[in-house]
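Written out below as structure tokens is the structure these notes cover.
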């Protein structure tokens, strides 16, 4: 019988624990554990649940891990060595949809704040300065907004834009034929050439690293804005700084403060707030628990990022035997 012992090493919403315990799990919660302590402690556990803080790879788990799964309470997977985990037959199950609403709302909120000069006006008022006319803003209506990546996050953002009367251009390498009355499919060159506000909703991979380059920034209309609530390295930050200082790019808003962009005029850097709501934290916890239940009790693989999806409806008065096959990453 499958083990029922799970190690949780990152801070989690409290709703996760009664859900796991109701399924018969022993949950060991150590949100303050160090990496070296995880190396010593993980052996003997069937599952490991993390957020974005913990890098899970060979360095952490070694040659003979006992884990059957890693649950990622969130959407990002760049802190997981997927090839290594697949080679050890460890399933990675993540909360792909858990924080999409938080990110969609957050991105719209940032655009509204920028267009109405709210950050600058607020700081001026703190300093005793009242400049209403110079802070006259503009509206989303009539703007062209570009979205790169039309998965859970990009789609949630696009849905929230539909009532603003703007033109929405979308590029996704792996999706096609989604043009409708609300948004239009576009290629990468069109996105950069026509977009006044560009928002990134893609994972960090070897292919997407540095995707927003100096060459592509040159294509954007003067005074454009880049929003990066995906991953820092998708954007060439030095190219962004150069474009801002040259007066071509109007603003860069990111969720990843760095030494390169800190203090640069036109940069607003935030402490990874895009998905940070109480509702998103709870949604991610519930989704991880539900996905694990389906995987361990019914043999279904959903929301996996290193094994194919495999899910069948449960038939009453029947049983199912699940025999994991050896893992062949990329096969």
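Read the figures in this text as sums done on the coordinates, not as results from a lab. Small disclaimer: the values here were computed from a predicted structure and weren't measured. Every residue, glycine among them, receives a Cβ derived from its backbone with ideal geometry; neighbour counts consider all protein chains shown.
Suppose the chain between residue 57 and residue 175 were pulled fully straight at 0.36 nm per residue; how much longer would it get relative to their current alpha carbon spacing?
Values: separation 118, 0.36 × 118 = 42.48 nm, distance 2.99 nm.
39.5 nm is the gain from fully extending residue 57 to residue 175.
Arranged from highest to lowest average of other beta-carbon atoms within 10 Å per residue, in what order do the peptides 220-226, 186-192 appear? Write out the running numbers ahead of the final one.
Numbers: 220-226: 18.4, 186-192: 16.6.
Per-residue mean Cβ counts within 10 Å order the peptides as 220-226, 186-192.
Can you figure out the FRET efficiency of residue 116 with residue 160, using R₀ = 22 Å and their beta-carbon distance, to the nearest 0.05? Spell out each step's value before the answer.
Numbers: r = 17 Å, r/R0 = 0.77.
The computed FRET efficiency comes out at 0.80.
Gaussian network model of the chain, Cα springs within a sub-10 Å range: biggest mean-square fluctuation belongs to which of 207, 105, 196?
Highest fluctuation of the listed residues: 207.
For each of 144, 260, count neighbouring Cβ atoms within 10 Å of the residue's Cβ, then give the residues from fewest to most. It would help to have the intermediate numbers written out before the result.
Details: 144 19, 260 13.
Ordered by Cβ neighbours within 10 Å, fewest first: 260, 144.
Quote the relative contact order of region 149-274 in percent (integer), defining contacts as alpha-carbon pairs under 8 Å separated by 6+ residues.
Numbers: 209 pairs, mean separation 22.9, N = 126.
For region 149-274, the relative contact order is 18 percent.
Give the relative contact order (percent, whole number) for the chain; include only Cα pairs under 8 Å separated by 6+ residues.
Answer for the chain is 17 percent.
From the helices alone, meaning DSSP H stretches of at least four residues, give me the mean residue ellipticity at 222 nm for the chain, per-run term -39500 (n - 2.57), in deg cm²/dmol to the nearest 500. Intermediate values should be presented prior to the final figure.
Numbers: 11 runs with 102 residues, N = 331.
Taken over the chain, the calculation gives -9000 deg cm²/dmol.
Starting from the 7 Å offset along Cα-to-Cβ, what nm value, one decimal, do you get for the label separation of residue 189 and residue 66?
5.8 nm
So if we plug the beta-carbon distance of residue 139 and residue 209 into 1/(1 + (r/R0)^6) with R0 = 22 Å, what FRET efficiency do we get, rounded to 0.05? List each step's numbers first, then the result.
Values: r = 34 Å, r/R0 = 1.57.
The pair residue 139/residue 209 has a calculated efficiency of 0.05.
Once a ≥ b ≥ c are taken as the square roots of the eigenvalues of the Cα gyration tensor of region 148-200, is the result rounded (a/c under 1.5), prolate (a/b larger than b/c) or oblate (a/b not larger than b/c)? It would help to have the intermediate numbers written out before the result.
Numbers: a/c = 1.38, a/b = 1.11, b/c = 1.25.
Verdict is rounded for region 148-200.
Using only the Cα atoms of the chain, what semi-axes does the equivalent ellipsoid have when each is the square root of 5 times a gyration tensor eigenvalue? Give whole Å, largest first. Before the final figure, lay out each step's value.
Numbers: eigenvalues 324, 95, 74 Å².
In descending order the semi-axes read 40, 22, 19 Å.
Using the per-residue mean of other Cβ atoms lying within 10 Å as a proxy for protection, in what order, highest first, do the peptides 29-40, 162-173 fall? The partial results should precede the final answer.
Working: 29-40: 12.6, 162-173: 16.9.
My ranking of the peptides, most packed first, is 162-173, 29-40.
Just to be sure I understand: with springs between alpha-carbon atoms less than 10 Å apart, which residue in 65, 203, 271 has the highest mean-square fluctuation in the Gaussian network model of the chain?
So, out of 65, 203, 271, the one fluctuating most is 271.
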